[in-house]
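Data first, discussion second: the structure below is written as structure tokens.
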Amino acid sequence: MLISIGFNGFAQKEACHYSLSGSVIDEHDQSNLAYATVYVQELNRGVVADSTGYYSLDGLCQETYTITVSHVSCEPVTLRLEIKGNTEKTLLLEHHIEALKALTIVGLELSEPSAIQEHMGLNTLERYGSASLGDALKEITGLSSLNTGKTLVKPMVQGLYGSRIVIVNQGVRLQDMEWGEEHAPNVDINSAGGVQLVKGAEALQYGGDAIGGTIVINATPFVPDTLYGKAALQASSNGRGGLVNADVFKSSASGWFTKIQGSLKRFGDFKAPDYYLSNSGIFEKGISLHTGRNQSNRGFDLYYSLYDAEIAILRASHIGNIDDLVTAINSQQPQIMSDFDYEIGLPKQEVTHHLARLNYFRSYESGNRWQVQYDFQFNRRLEFDVRVGDDRDKPVIDLELTTHTLSGDLDLNQKGQFPSKVGLLYRIQENFADPDTGIKRLVPNYIRYELGGFITTRHQLSPFWLLDAGIRYDFNRIEAKKWYETSRWIERGYDTDFGDFVSEVLENQILVNPQFDFHNVSVSVGGVHHWGDKGKIRFNYTLAQRAPNPSELFSDGLHQSASRIELGDLRIEQETSHKIGASIASGTNRWSWEIAPYLNHINGFILLEPEGVEQTIRGAFPVWEYQQTDARIWGVDVRAVVSWHDNWGSDHSYSYIHGQDIMGDRPLINMVPPKFRNRLTFTLPQWHQLQIRLESIYNFEQNRYPNNDFEVFLPITGELQEVDISTPPPGYHLLNLWVNTTFNFKRQNEMQVGLAIENLLNTSYRDYLNRQRFFTDEPGVNFQLSLKYSF
């Protein structure tokens, strides 16, 4: 979706911070016209509306423009429109009689959902082409990340991550072993056409277990009878690498279309202000193919993508035992440092993800529409530790996850008072853990079955009130086959509670075949109220239930890349979340603001926390166990946008999260510290659309954290020593700078040139939510040059 993030900008005539947004609809029946084109002739640029007919154009001045609106089976309409500030305009197009039978896509009007929706457009995503999805999502107020170094970035939504966040890539729910804290989404950000954060009733169509939220990665919109593409290059000083990306889109008047995209990303060792981060590079490759035919009232499309990455893990973060961890924590620098190198050594990850989707849809003159989809995913994960001898090149974790999904949904009563959507889903998933690693398998072989269905609806009470609601049911069954050490089985009391799972007993091991069924119900209800010219109030309540993932149930062994022993619990039950969210927003043509508080009470909240130390043949390692408690997470996201002068504007945001373990009466682990972000933007559109932005980010120190420190006996000193793994690092302040210009050529071709300077002052700091904060500082200053040629 080519929609800007969050608030619309503000400015005066020369500043060109104004926006034009609204919906493109059919003049006769008021239905939304998906993927209509809105083009500004004076600026030689435009946007394609999303699947709901919504469009948004930024960077407009206070003047009169010539706007051309077009859509398949419609006569183009050209009008003159005066922009005096941020402008909302509904654009009308007239279908021919034949075209009334040829609506390309008809769907729910989602422009006013009761839960806050955040959009990220293609231009923002392209700035992060050489980074990751998690890095880009931090542009949205309230979103952060849990990192393992520079390159492994897991998105966090209001303090939640992993299995509590659903990621939908090109219409397919991503299945990529998201349970690992160091498992980043297997997504090539350069294949995306836009990203949307979805909550509330609309999110139920993707799954009922998104306690945090749903991140939807959209494809490039279909535009009939056109040819366009781009080639992009990014080069960075820190890591001495960058990105090469290219894509081409071709469509015909008869509805056939094809898009081909490919990217290559390579970085060597990154550098902190005072030293190199030895073994921290990445080599990432991505390709995607999207083809199909979009006819008047039916169509199909086929999508395939391959994501392949080799990711280095900081060498200094590899600990042989607890002694190494104590030494690392007490040191101000990594224990292993060397000169810059492109080689990706040990430890490291190798991940490969194949995704294929076939979709068919049919729409009718009544506005009803149905679609059916089959998708396939294959995820391979190899994790390598520092080993010697014949096992040097052998992975310590070798997992293969295969997923088949069949789904269908139906849009009903689209022109009535209660437009609705219903859907069904069946999924089967198989995990294979290769025993040839020579290491005890962290998670076992298992098969998981899922069957689900949902219905959502909305109702316009008045011109000022809109209500929406939805309900979903999911059945989950997981069948596993796992070996336990007899001592562990008895120690955890499984011999008493789960004796019927035992299928074979050896001298020191027990083979079990556990089977668990989970019944999950999710409900969402909310509303939107408009007041005054710019005022808007949203409120939403969501009940969500999540079945435990395989790691939470079955983990049992040394997780090498995490340097700890992880223990699941067969007694873990599903989580149940009760979340209330609201927002109030208002403003004028020169400023705008929004305040969005939320409260999330989670019964049976599953968390992974350290519980002590266990001795192994390699030494003592910290033991982390999955446990359940009741948790309360509340917070607030605040944002304001101001236009100060003709060429000057600013953007301000603040986020606060408070997480509490109710049963333990202590703070929750891994809660995001308060964050204050300010941006000052200067624009000079008459000089190649020049834009200069200075950003200030202040991350406060996290003062609310659980005390998980423990004591360990150190053979070297013969003494007990307390291991401080709880105390967060100090807060820090960063400055970033962006400069961007655009040069137009003939035939609507253009070249964008950008320069970014990250961590402008080369600040040394450590981030509480980076799992490598015990071992090293964050990367220092980075100069990035970006070139993009569009045709």
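When Lys536 is tested against the conditions (1) open to solvent by less than 50 Å² (accessible area, probe 1.4 Å); (2) farther than 30 Å from Cys61 by Cβ; (3) basic (Lys, Arg), the lone failure is (2).
Candidates Leu406, Leu358, Leu399: the one that is under 27 Å from the mean Cα position of the chain (by Cα) and either exposed (fewer than 15 other Cβ atoms within 10 Å of the Cβ) or assigned to a loop (DSSP other than H, G, I, E, B) (or both) is Leu406.
If you go through segment 738-791 and keep only what is open to solvent by less than 30 Å² (accessible area, probe 1.4 Å), under 16 Å from Lys150 (Cα atoms) and either hydrophobic (A, V, I, L, M, F, W, C) or in a strand (DSSP E or B) (or both), you end up with Leu769, Asn770, Phe775, Asn782, Gln784.
Once segment 52-72 is narrowed to residues that are open to solvent by 50 Å² or more (accessible area, probe 1.4 Å) and at pLDDT below 80, the residue that is nearest to Gly121 (Cα to Cα) is Asp58.
Highlighted here are the strands (runs of 3 or more DSSP E) found entirely within segment 668-723 that include at least 1 residues which are modelled with pLDDT of 90 or more: 675-684, 690-699.
Need pairs with beta-carbon distance below 6 Å; first residue over 30 Å from Asp709 (Cα atoms) and within segment 728-748, second of a type in the set (A, V, I, L, M) and open to solvent by 80 Å² or more (accessible area, probe 1.4 Å); sequence gap 6+ or separate chains. Hits for this filter: Leu735/Leu761.
Annotation note: Cβ proximity below 7 Å between a residue of segment 278-301 that is not assigned by TED's automatic domain parsing to the domain that holds Gln772 and a residue that is surrounded by fewer than 20 Cβ atoms within 10 Å (Cβ to Cβ) (sequence gap 6+ or interchain) occurs for no pair.
Can you confirm whether segment 255-266 contains a residue that is of a type in the set (D, E, K, R), in a strand (DSSP E or B), more than 24 Å from Gly194 (Cα to Cα) and in the same structural domain as Asn762 (by TED's automatic domain parsing)? Can you show your working first?
First, the residues of segment 255-266 that are of a type in the set (D, E, K, R): 259, 265-266.
From what's left, in a strand (DSSP E or B): 259, 265-266.
Of the ones still in play, those that are also more than 24 Å from Gly194 (Cα to Cα) are none.
The answer is no; no qualifying residue exists.
Among the candidates Val642, Val636, Val613, the residue that is aliphatic (A, V, I, L, M), in the same structural domain as Pro514 (by TED's automatic domain parsing) and open to solvent by 50 Å² or more (accessible area, probe 1.4 Å) is uniquely Val613. Residue count for segment 125-144, restricted to those that are among the small types (Gly, Ala, Ser) and open to solvent by less than 10 Å² (accessible area, probe 1.4 Å): 3.
Filter segment 513-547 down to residues that are touching a helix residue (DSSP H, G or I) at 6+ places or on another chain (Cβ under 8 Å) and of a type outside the set (S, T, N, Q) and give me whichever is farthest from Lys89 (Cα to Cα). Among residues in segment 513-547 that are touching a helix residue (DSSP H, G or I) at 6+ places or on another chain (Cβ under 8 Å) and of a type outside the set (S, T, N, Q), the one farthest from Lys89 (Cα to Cα) is Pro514. Could you please let me know if Arg315 is more than 21 Å from Ser563 (Cα to Cα) and open to solvent by 20 Å² or more (accessible area, probe 1.4 Å)? When the stated conditions are applied, Arg315 does not pass them.
Just checking, does segment 539-554 include any residue being of a type in the set (Gly, Ala, Ser), open to solvent by 50 Å² or more (accessible area, probe 1.4 Å) and either in a strand (DSSP E or B) or not assigned by TED's automatic domain parsing to the domain that holds His459 (or both)? Within segment 539-554 (the criterion being of a type in the set (Gly, Ala, Ser), open to solvent by 50 Å² or more (accessible area, probe 1.4 Å) and either in a strand (DSSP E or B) or not assigned by TED's automatic domain parsing to the domain that holds His459 (or both)), the answer is no, since none of the residues qualifies.
The values are calculated or read from the model by the stated rules, or taken from the named source; none is laboratory data. Note that the structure is a prediction, hence the values are computed from the model and not measured. Here Cβ is always computed from backbone atoms with ideal geometry, including for glycine, and neighbour counts include all displayed protein chains. Surface areas here come from the heavy atoms of the whole protein model, side chains and all, with no ligands, DNA or RNA. Shrake-Rupley method; radii C 1.70, N 1.55, O 1.52, S 1.80 Å.
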